[in-house]
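Okay, structure first, notes after.
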Amino acid sequence: MASRGGIHALLRTLRRTSSYAAGREIRPGPACVLLRLGARALSGDAALCSRPLSGETHAELLELSHRDPDRFWGRAARDRLTWDRDFERVQDCDLQQGRIRWFVGGKLNVSVNCLDVHAARDPNRVALIWEKDEPGTEERVTYRELLEMTCRIANTLKTHGVRKGDRVAIYMPVSPVAVAAMLGCARIGAVHTVVFAGFSSDALAGRIQDAQCKVVITCNQGVRGGRLINLKATVDAAVKSCPTVKSVLVAQRTNHSVPMGELDTPLEEAMARESAECPPEVMDSEDMLFMLYTSGSTGKPKGIVHTQAGYLLYAALTHQHVFDYSAGDVFGCVADIGWITGHSYVVYGPLANGATSVLFESTPVYPDPGRYWETVQRLRINQFYTAPTAIRLLLKYEESWVKRYDRSSLKTLASVGEPINNEAWEWFYHVVGEGRCPLVDTWWQTETGGVCIAPRPAEEGAEIRPAMAMRPFYGIQPALMNEKGQILPGGGVSGALCVGQPWPGMARSIFGDHQRFVDAYFKPYPGYYFTGDGAHRTEEGYYQITGRMDDVINISGHRLGTAEVEDALDEHPDVPESAVVGVSHELKGEVPFAFVVLKESAEENQEDVLKELGQLVATKIAKYAVPDHFLVVKRLPKTRSGKIMRRILRKVAMEKADGLGDTSTLDDPAVVSEIVQAYQRYKSRTAKA
Ligand code: PRX
């Protein structure tokens with residue numbers, strides 16, 4: 001698509017080859033019999049972005065959202081979303097049972113809310129700015145154009161047998177076609193599962209199999225940091241073991257032609273054959289919108305299920321209030337659509353609010369470390385949302401890489417994905433934002449659907465503390481628990497972070513395994529949603545996230561279960577067992593550290609085996625999951641019941657072996673000194689190297 005003249009050339013081709021009449025009026029689709037609830041749904045930008053219950057102060061709204069959540073959310077849903085049928089009940093939730101249902105009985109279509117309502121009012125408003133890998137080659141797509149692309153993809157999916165409820169895998173980096181593919185699924189009621197295009201063919205296959213996808217949408221190649229990535233080849237390898245896949249739709253990102261097999265259809269050609277209109281499917285509030293795989297502390301990645309109305313409302317409301325978005329702003333979230341941040345703050349939140357959303361294809365250092373700020377200057381970005389890992393990388397370079405570019409358009413800076421350290425926060429705030437833009441550290445998860453704790457919204461000008469998520473969003477009631485499962489009241493306490501009241505954006509299930517959903521999130525602290533994170537509450541009531549409490553690690557903001565890496569390592573015939581822990585890393589936040597036990601026969605060619613292990617992890621999961629450290633040990637520390645004590649390994653790897661804590665439950669405490677010695681030998685070897 002790009003090298004042949006980009007999105008506009010594609011759109012011109014599509015118009016020539018079909019019945020599309022350029023420039024004609026666009027009306028909301030037939031299913032969109034607007035109820036105009038609250039009489040504000042279509043009455044202009046200001047109304048679309050009006051605060052729910054406008055006129056009240058932030059403190060009043062916050063109080064109402066806790067005291068009378070049904071009133072708060074019911075009014076917000078009627079004000080902000082365009083419904084085909086009003087809902088009968090605001091919520092039907094039971095956190096004891098893990099039952100979450102919002103806006104019961106309501107009917108709507110998410111793509112109508114993200115496209116038709118804006119295209120009807122202002123068709124030429126820019127919906128997307130595709131900031132392609134090469135600086136200065138950006139392309140703009142209007143709401144009308146995005147609606148057209150979406151309808152064509154929706155019709156293409158229908159032609160390929162996709163029906164309401166079917167699953168579609170999307171394996172492509174961020175681009176207008178990828179966004180149209182997500183919305184095309186939403187248009188016809190199909191469920192998308194976007195798989196981050198850095199995952200290996202095995203990881204992709206595992207997700208496609210679990211979701212039983214009928215169709216995969218991909219592109220010939222990806223382009224990132226001046227490098228080409230052969231995505232289609234990865235899909236070819238994956239679908240060999242995926243009998244449910246009946247078609248692969250292949251978009252052309254570059255001129256490179258790839259072999260096309262029996263399952264494959266060139267996407268642009270297929271779109272050209274289809275109509276530019278597609279009646280939206282009328283969806284129930286609680287029908288599935290998408291699933292997104294994420295890592296847990298045990299087992300395989302889980303397909304987190306999000307549904308229609310509640311997710312969209314929460315994404316839209318947080319997008320506006322957390323980032324202080326106003327109509328006409330250019331919103332720059334540089335996340336990939338393969339992660340939840342891309343879903344909520346590149347696609348659904350901004351588009352529901354009629355914003356102009358930036359699609360960032362490149363890296364923070366391509367072609368040089370000024371890339372982000374040059375992009376901010378060129379696109380006049382107002383809100384800039386990135387991850388601490390990128391900031392830590394950039395602050396190593398001269399400040400002139402930032403200062404040479406005009407950043408006066410910036411209004412809000414934001415961070416997500418992992419705890420942001422003080423140095424990164426201060427640099428982002430003072431050097432990039434010149435101390436004049438609020439910097440919001442936003443805490444949330446794939447499971448929460450949108451931001452739950454962030455310094456904004458707050459009363460005008462309220463204090464922001466460095467490196468702290470601080471305040472709960474409307475309707476979010478955090479609770480900290482001690483080891484006995486008791487609530488820790490007051491300030492100056494640390495514990496397991498839970499949420500005590502349901503909110504519309506929260507996940508509904510794990511695809512195909514609702515019991516796992518209940519067990520993971522609602523069993524640990526009955527009546528509460530358990531986040532898996534620890535947090536500290538200050539005397540003033542502000543929250544600071546302290547990190548995961550389970551065996552999930554966070555590499556450059558990418559979530560990874562150590563069990564997944566262990567499973568990959570254990571597949572090697574020379575590895576009877578292994579244990580993986582996370583250790584701190586200056587740039588990436590955390591990296592995996594693998595302790596491996598090798599068969600005696602393999603000890604002689606250890607170096608080769610360790611190389612193979614690295615490759616194995618890259619093949620089974622992704623390159624980012626490959627452990628930075630491998631330490632061969634004779635045995636692992638285990639309890640008498642055979643459970644590996646990762647806590648001890650973590651301490652060894654973090655060089656805190658003098659504070660190992662209680663080791664009395666170990667089957668043989670002598671194992672600890674063996675491992676410490678092996679670690680010291682490893683350290684002195686790597687130091688010499
Ligand atoms: O540990 C927390 C960390 O990232 C986890 C969620 O990862 P994921 O589902 O991939 O979603 C990432 C983007 C929303 C959390 O359990 N995390 C996320 N944001 C922060 C954070 N840790 C500290 N501070 C944050 N702002």
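Any residue in region 510-523 that is in a loop (DSSP other than H, G, I, E, B) and within 25 Å of residue 66 (Cβ to Cβ)? Scanning region 510-523, I find at least one residue that is in a loop (DSSP other than H, G, I, E, B) and within 25 Å of residue 66 (Cβ to Cβ), so the answer is yes. Within region 370-404, the set of residues being assigned to a loop (DSSP other than H, G, I, E, B) and touching a Lys or Arg at 6+ places or on another chain (Cβ under 8 Å) comprises 370, 382. The combined condition, being part of a loop (DSSP other than H, G, I, E, B), touching a Leu at 6+ places or on another chain (Cβ under 9 Å) and over 27 Å from residue 9 (Cα atoms), is not fulfilled by residue 174.
Of the strands (runs of 3 or more DSSP E) contained entirely in region 266-343, those carrying at least 2 residues that are touching a Cys at 6+ places or on another chain (Cβ under 9 Å) and crowded, with 24+ Cβ neighbours inside 10 Å fall at 288-294. Within region 345-361, residues that are among the aromatic types (Phe, Trp, Tyr) reach partners that are buried (at least 24 other Cβ atoms within 10 Å of the Cβ) and assigned to a helix (DSSP H, G or I) with beta carbons closer than 7 Å, at six or more positions or on different chains, in the pairs 345/319; 348/114; 348/312; 348/315.
Look at region 432-449: where a residue is touching a residue at least 12 places away in the same chain (Cβ under 8 Å) and of a type in the set (S, T, N, Q) and a partner is within 7 Å of the ligand (Cβ to nearest atom) and in a helix (DSSP H, G or I), sitting 6+ places away or on another chain with Cβ atoms under 8 Å, you get 445/340; 446/340. The residue that is nearest to residue 463 (Cα to Cα), counting only those in region 405-452 that are touching a helix residue (DSSP H, G or I) at 6+ places or on another chain (Cβ under 6 Å), assigned to a helix (DSSP H, G or I) and within 16 Å of the ligand (Cβ to nearest atom), is 428. If you filter region 552-572 down to residues that are in a loop (DSSP other than H, G, I, E, B) and within 16 Å of the ligand (Cβ to nearest atom), you find that the one that is modelled with the lowest pLDDT is 557. Being surrounded by fewer than 18 Cβ atoms within 10 Å (Cβ to Cβ) and polar (S, T, N, Q), is that true of even one residue in region 420-443? Among the residues of region 420-443, at least one is surrounded by fewer than 18 Cβ atoms within 10 Å (Cβ to Cβ) and polar (S, T, N, Q), which makes the answer yes. Does residue 193 satisfy the criteria of being without any contact (Cβ under 8 Å) to a residue 60 or more places away in the chain and of a type in the set (Ser, Thr, Tyr)? No, not satisfied.
Scan region 410-435 residue by residue and report those that are under 26 Å from the mean Cα position of the chain (by Cα) and not hydrophobic (A, V, I, L, M, F, W, C). Across region 410-435, the qualifying residues are 411, 412, 415, 417, 418, 419, 421, 422, 423, 426, 429, 433. Quick check on region 506-513. Is at least one of its residues of a type in the set (Lys, Arg), over 26 Å from residue 415 (Cβ atoms), touching a strand residue (DSSP E or B) at 6+ places or on another chain (Cβ under 7 Å) and within 16 Å of the ligand (Cβ to nearest atom)? Among the residues of region 506-513, at least one is of a type in the set (Lys, Arg), over 26 Å from residue 415 (Cβ atoms), touching a strand residue (DSSP E or B) at 6+ places or on another chain (Cβ under 7 Å) and within 16 Å of the ligand (Cβ to nearest atom), which makes the answer yes. For region 184-228, filtering for residues that are assigned to a strand (DSSP E or B) and more than 21 Å from the chain's Cα centre (by Cα) leaves 3. The single condition among (1) in contact with a His (Cβ under 7 Å, 6 or more places away or on another chain); (2) surrounded by 17 or more Cβ atoms within 10 Å (Cβ to Cβ) that residue 473 does not satisfy is (1). Among the residues making up region 447-488, those that are basic (Lys, Arg) and under 30 Å from residue 309 (Cβ atoms) are 456, 471. Listed by position, the strands (runs of 3 or more DSSP E) contained in region 96-143 that have at least 3 residues being over 21 Å from residue 308 (Cα atoms) are 126-131, 139-142. Looking at 459, 463 in this structure, which one is touching a His at 6+ places or on another chain (Cβ under 6 Å), assigned to a loop (DSSP other than H, G, I, E, B) and away from the ligand (no atom under 15 Å from the Cβ)? Every option except 459 fails the conditions.
How many residues are at pLDDT 95 or above, assigned to a strand (DSSP E or B) and more than 6 Å from the ligand (Cβ to nearest atom) if we restrict to region 532-551?
Total satisfying the criteria: 6.
The residues of region 251-280 that are among the polar types (S, T, N, Q), touching a Lys or Arg at 6+ places or on another chain (Cβ under 8 Å) and farther than 22 Å from residue 190 by Cβ, listed by number, are 252, 255. Being touching a residue at least 40 places away in the same chain (Cβ under 8 Å) and farther than 24 Å from residue 274 by Cα, is that true of even one residue in region 138-154? Looking for residues that are touching a residue at least 40 places away in the same chain (Cβ under 8 Å) and farther than 24 Å from residue 274 by Cα, one finds at least one in region 138-154, hence yes. Looking at region 440-447, can you tell me whether even one residue there is hydroxyl-bearing (Ser, Thr, Tyr) and under 23 Å from the mean Cα position of the chain (by Cα)? The answer is yes; a qualifying residue exists. Within region 150-158, identify whether any single residue is part of a helix (DSSP H, G or I) and within 23 Å of residue 510 (Cβ to Cβ), and answer yes or no. Checked against the condition, which is being part of a helix (DSSP H, G or I) and within 23 Å of residue 510 (Cβ to Cβ), region 150-158 yields no hits at all.
The residue that is surrounded by the most Cβ atoms within 10 Å (Cβ to Cβ), counting only those in region 67-112 that are without any contact (Cβ under 8 Å) to a residue 24 or more places away in the chain and touching a helix residue (DSSP H, G or I) at 6+ places or on another chain (Cβ under 8 Å), is 90.
The values are calculated or read from the model by the stated rules, or taken from the named source; none is laboratory data. What you see is a predicted model, and the numbers here were worked out from it, not measured in a lab. Please note: Cβ atoms are built from the backbone with ideal geometry, for glycine as well, and neighbour counts cover all protein chains shown.
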